Amino acid sequence: MPGLRGRLLVEGWGGTWQRMTRTKQVATDAMETPLNRCLSTLDITLLGIGHMVGAGIYVLTGTVAKDTAGPGIILSFLLAGFASLLAALCYAEFGARVPKAGSAYVYTYVTIGEFWAFVIGWNIVLEHMIGAASVARAWSGYMDSLFDGALSNATMTYIGTLHAGLLAQYPDFLAFAVTLIYCGFLTLGVKGSAYFNSIFTLINLCVMAFVIVAGMMYADVGNWNTEKGFLPFGVSGVVAGAATCFYAFVGFDSIATAGEEARDPTRSIPRATLVSMSVVTIGYIMVGATLTLMVPYYELNPAAALPEAFATYGAYWAKYVVSVGAICGMTTTLFGSLFSLPRCVYAMAADGLLFSWLARVSDKTKVPVITLILCGFFSALIALVFDIEKLVEFMSIGTLMAYTIVSASVIILRYQPSSRCNIKSPSHSNTQAASTPGTVTTPTTPTSIDDIAKSDGEGGELRSSCRWLLHVVGRQEAGTVATWGVVIFTVSSAALCSLMQWGGSFLALPYPSPWAIILALLIIALQVFSVVVILAHRQNTLVLSFSVPLVPLLPLVSIFFNVALMVHLNPMTWIRFIVWMVLGLVLYFAYGQHHSREGEPVSSYSTLLTEPAPAGNTVFGSVQHTLSHVTAKIASAASEDKKPIVDESNIEDDDL
C-alpha cells in the first residue's frame, strides 16, 4: 500500500507538473509578444465614441420611441446614460489601477477572484459577440434601405425565409460578409485600425450634429402633447426603454479593453471614458428629442426613423446624409466590438481559463490574429441567422451583470487594508513584498477596540465612533464586513426591484396591500442597514490618478440602477442568459479550473499584485483558491508531526 500510494502521488505530481509547464510555456510565449502600446488619449476617446454612436442612434431610437417610451425616450436615454456614467466612473478608477487588456474581466480578477472574473469575462464575450452581430445586421439593413429593399427581397426570393421566433426573417449574407471583412482590417494592426476608426467616427459626429440642427428646424412641440401625453407608456415604459437604450452605451468598456495598448493608460483611460460618455449621452438625448419633435412617436418607422422623418417634410436629400452617417457610425461600432472581443478572450486564455492557443499574439502585427478570426467568424454566423431585437436584449443582460460586479468591486477594493491590497498603486508599490508562493497567509483580525482605533490608515477596519456595531457583526477580518454589506445591498436591491416590477399592483394607491408595504419597508431597512455598515468602516489611503468620488454611495447607486434595469428585461432573455452561463460554467470546471494560473508565482498579473488576492480566501474569490486554502488548513491540522507522506527527494528522483 505505501508503494502504491507513493506511485499514485508521484504520477499525480508528474501530471500536475506537466500541465503547469504547458500552461506556463503558453503564457510565457504570449507575454514574449506583448500587445503594442501605441494609442493616444484621442485615439482611445474616439474608439469609445465610435463604439457607442452607431446602431443605437440610427436604429434603436425609432424602435424604443414608437413601441416602448414615446417622447419619454429622452428620459430613457438620460436614465440609461446616468446608469452607464456611474459604471463608467468605476471603470475609470480600475483603468487607473490596472493597465491590462481584458476590461472588467481583469478588474474582477485582481479584486474578488478568478471564479467571478470568469463569470464576468464570459458575459463580456457574449456582449461583444452579440454586439458585433447586431450592428452588422443593422448595417446591412441600412444598406438595404438605400436600395429600397432589393437585397432582402432577392434573398427571400432565391434563398428562402427562416421560420423560428428567435431567428431573423431571412439569412443576412451581407451582414455575414461585412463582419468578416472588418475582421480582416483588424488583423493588420492596432494603429492602422485606430486611424480608420477615428476618420469614420468624426464623420459620424458631424452627421449627428447635422441631424440635431437640421431636425430642430422642423420641430413641433405639439408632437409631445398627444392624447396620451409626454409619457404614453407611463413611467414603466421609460424604465423599460432605458433597459433597452442601455445597449447604446455599452461601447465605453472598449476603452478599458485597450488598456494594454495605450501609451499612458493610467491617465488616458479615465479621461477618455469620461469625455466619451459625456459626448454620447448629450448626443443621444438631443437626437431622441429631435426625432420625436419632428414626427409623432406613433408614426415613426422603426427600421429607418431618421431618414423617414426628414422625408416627411420633403427633405429627401437628407436621407442620404443620414445614411452616410449611419453607415459610418455602425462601421465604428462594429469595429469597436470586434476590437474588444478578441482582447477579452486573449486575457482569459493567458490566465489559463480558456484554451491556451487563444493567447497567441502575432509577431508582426502584435494582434491575437487567431482569436480575432475565430471570434469574427462566430459573430458573423450569429449575424447571419438571428434577429436584431432579440440580440439587443440578450446582450444587455450580460453587460448589466458586468457593470454591477465592477461597481461592487470598487467598494470591495476601497475597503481592503492598504497593506494587503492586491493591486499596486503608483504611490504604494513598495508597501509590502509579495507573499511566498504556496504559503497560506492568515489575515489578522482585531482583538480589541484599541486595535481598531490604531488602524486609521489601513482601511477596512471599523471606525472607533461606530463601536456599537461590534455587538451586531462581531470582530471580523478587515474588509470582510464591508464586502458582505455590498452583497446584502445588491440582493436587497434585486428583491425590491422585483417586488415593484411584479408586485406593483399591490403597492398601488389608494388601496395598497399591507403585506406588500411591510415587505417593501423591510427590504428598504435592510438596504439602509447595509449602507450604514459600509460607511462605518474606514477606506484605505491609496492614491490613484483617478478615483470614483463619493464612495460607497455612487457605486451603490450604480448597482441599484443596473439591477433595476435587469429586472425589466424580458423573462425569455433571462432563460437564454441562464443557458449561456451553464455552458460557461461547464467550460470553467472542465478546463479553466485545471489550467488556471492564479496560484503561480509568475503570472500576467505579477506586476500588479502585491500578494495573492485576499478575497480568494473567502466565498467571493476563486473556487479553486478557496478549496486549496481549506485543504491546506485540514492537512496542517491533521498532521501532528508535519511530515510529508512521501519524501520529496524520492519524488524528484522518480520524476528524473
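The values are calculated or read from the model by the stated rules, or taken from the named source; none is laboratory data. Source: prediction; values computed, not measured. Every residue, glycine as well, gets a Cβ built from its backbone with ideal geometry; the counts of neighbours run over all protein chains shown. Calculation scope for accessible area: heavy atoms of the full protein, side chains included, ligands and nucleic acids excluded. Shrake-Rupley method; radii C 1.70, N 1.55, O 1.52, S 1.80 Å.
The table for this structure:
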item: FRET efficiency for VAL491 and MET216, using Cβ-Cβ distance with R0 set to 45 Å, rounded to 0.05; result: 0.50
item: Heavy-atom accessible area ranking, 1.4 Å probe, most first, across ILE203, ILE74; result: ILE203, ILE74
item: At R0 = 22 Å, FRET efficiency that the Cβ-Cβ distance of TYR195 and ASP264 yields, to 0.05; result: 0.70
item: DSSP-assigned coil residues among trypsin sites (Lys or Arg not before Pro) in region 336-385, each with at most 12 further Cβ atoms within 10 Å; result: LYS364
item: Cα gyration tensor category, rounded, prolate or oblate, for region 71-187 with a/c compared to 1.5; result: prolate
item: Burial order of peptide ranges 472-481, 217-226 (average beta-carbon count within 10 Å, highest first); result: 472-481, 217-226
item: Separation of the LEU180 and LEU167 label points, Cα + 7 Å toward Cβ, nm; result: 2.0 nm
item: Where labels lie 7 Å past Cα in the beta-carbon direction, separation of PHE147 and VAL586 in nm; result: 4.0 nm
item: Sites PHE230 and VAL324 - FRET efficiency at Förster radius 30 Å, r taken between beta-carbons, to 0.05; result: 0.40
item: Computed label-point distance, nm, for sites TRP317 and HIS594 using a 7 Å Cα→Cβ extension; result: 6.8 nm
item: Heavy atoms of ARG538: accessible area, 1.4 Å probe, square angstrom to 10; result: 30 Å²
item: Heavy-atom accessible area order for MET286, MET348, largest first, 1.4 Å probe; result: MET286, MET348
item: Residue-normalised accessible area of region 60-174, given per residue in Å² at a 1.4 Å probe; result: 28 Å²
item: Alpha-carbon Rg with Dmax, taken over region 130-256, Å; result: 19.1, 55
